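This report refers to the structure that appears directly beneath it.
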Amino acid sequence: MATVPVSQLKSGEKLSEDVLTKYNNVLLRKGKIISEHDLEVLRAFLIPAVQIESKNGQAVSSSDETALDEKQQGTVLSFYEHYEKMLQLMRRVYNIANAGGQSLPILEIRTTLEKLIQHIDDYNVLTFSPRHFQLSDFIYHNSIMVSLTSYNLAKWHGLSSKDLMPVALGGLLHDIGNAKVDAGILFKPSALNAAEREDMKKHTIIGYNLLKSVPAINDGVKLCALQHHEREDGSGYPLGVRGDKIHLYSKIVAITDVFHAMKTNRYHKSGASPYLVLEQLLNESFGKLDPALVQTFINKVTSFHNGTLVKLSDNQVGEIVFSDRSHPTRPWVNVNGKIINLMIERNLYIQDVIQT
């Protein structure tokens, strides 16, 4: 064991003791292999020195570190591999839909999605970001993320197991009508004008028409394509139907679609902080989105334990020390010994979750 100043600490070294904050919360666990990101966290918390394992006075070897790291990351890599397969399949599905939608490979879609969902424990709704993201692929990424998040929300809200895969399929295919929307509208780098917005709205009916005669999916999946822009008060489109006329699957997909559309970069705007998106969802739930589903969603995705590391909107890094479940997006954050109550400091918000 050796004591090493953080200023001299290198990535690849292994902690022999827990690293504690000034308030005795665990910052990094014993046995952790230090990464470049961990070094930033240690510096942000003004940790002067840490205990690391040594072999004859030397830090743990890079080969040991690599083997452990690969073992720890095996399931994560497996998730990303299946995510990439799903992405490639969705590109092909949209091409088929653009050509008329005949013979959509529903069995392959379902099988590929099932394999991805087997690794859903490696998917964090709030912090997940696709690797090698390109704006031109937003529509495919959004479909996959809405699918996975819809599956989680359905499960969190207590839907039966027989509903979970159909909800996920509804999320995956909810925007399939965009395959036939003019690319000039779909990829426009600025806000749409009124006529373009009306053309864009047609993707709901187009999508439903592509799916309505497919025998291998149920009505709830098909209605997700038609109804994901409908709202509880009847202010949505394309039909302006109200609460009890909107299918439960569609209500779930509506929430997850809004969340991912707002937090992900797009041609005409940059993605927003997921915490700001959650606050807007909470506001939207009054009259627009199903309030019970929104509450379930927000409570679950913000259920971090005290000690979670976050970056605030002014780039300060701190740890959550108290969460009021009445205001889950605005916890108390300890920044170098100073407590910032985000309920009071309304000009600040959580920009990113660094480490849970």
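The values are calculated or read from the model by the stated rules, or taken from the named source; none is laboratory data. Since the structure is predicted, the reported quantities are computational estimates derived from the model, not experimental observations. Positions of Cβ are backbone-derived with ideal geometry, glycine not excepted, and every protein chain shown enters the neighbour counts. Ligands, DNA and RNA are stripped out before the accessible areas are found, and what is left, the full protein with its side chains, is counted by its heavy atoms. Shrake-Rupley method; radii C 1.70, N 1.55, O 1.52, S 1.80 Å.
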Which one of these does I109 not meet: (1) within 28 Å of K300 (Cα to Cα); (2) in contact (Cβ under 8 Å) with a residue 60 or more places away in the chain; (3) surrounded by fewer than 15 Cβ atoms within 10 Å (Cβ to Cβ)? (3)
Go through (1) open to solvent by less than 10 Å² (accessible area, probe 1.4 Å); (2) among the β-branched types (V, I, T); (3) in a loop (DSSP other than H, G, I, E, B) for I344 and report which single condition fails. (1)
Can you pull out the residues in the stretch 169-194 that are in a helix (DSSP H, G or I) and open to solvent by 70 Å² or more (accessible area, probe 1.4 Å)? K180
Filter the stretch 1-22 down to the residues that are more than 17 Å from F45 (Cβ to Cβ) and surrounded by 15 or more Cβ atoms within 10 Å (Cβ to Cβ) and list them by number. G12, E13, K14, S16
One residue is enough: does the stretch 319-334 have a residue meeting the conditions under 26 Å from S129 (Cα atoms), hydrophobic (A, V, I, L, M, F, W, C), in contact (Cβ under 8 Å) with a residue 24 or more places away in the chain and in contact with a Lys or Arg (Cβ under 8 Å, 6 or more places away or on another chain)? no
In the stretch 215-258, the residues that are hydrophobic (A, V, I, L, M, F, W, C), open to solvent by 20 Å² or more (accessible area, probe 1.4 Å) and either outside any helix (DSSP H, G or I) or over 19 Å from G171 (Cβ atoms) (or both): A216, L239, V241
I'd like the full set of residues that are open to solvent by 30 Å² or more (accessible area, probe 1.4 Å) and in a helix (DSSP H, G or I), limited to the stretch 259-273. M262, K263
State whether the residues of the stretch 288-307 include one that is over 26 Å from A44 (Cα atoms), touching a residue at least 24 places away in the same chain (Cβ under 8 Å), open to solvent by less than 10 Å² (accessible area, probe 1.4 Å) and not in a helix (DSSP H, G or I). yes
Quick check on T204: is it in contact (Cβ under 8 Å) with a residue 60 or more places away in the chain, out of contact with any Lys or Arg (no Cβ under 7 Å at 6 or more places or on another chain) and in a helix (DSSP H, G or I)? no
Taking the residues in the stretch 321-340 that are farther than 13 Å from Q351 by Cα and part of a strand (DSSP E or B) as candidates, determine which candidate is most open to solvent (accessible area, probe 1.4 Å). K338
Given the condition outside any helix (DSSP H, G or I) and free of Cβ contacts under 8 Å to residues at least 60 places away in the same chain, answer yes or no: does some residue in the stretch 133-143 qualify? yes
Residue list for the stretch 175-191, filter: out of contact with any Leu (no Cβ under 9 Å at 6 or more places or on another chain) and either closer than 21 Å to Y151 by Cα or without any contact (Cβ under 8 Å) to a residue 12 or more places away in the chain (or both): D175, A183, G184
Pairs needed: first member in the stretch 257-274, within 19 Å of V353 (Cα to Cα); second member anywhere, open to solvent by 30 Å² or more (accessible area, probe 1.4 Å) and modelled with pLDDT under 80; C-beta distance under 7 Å; at least 6 residues apart or different chains. G271/N265
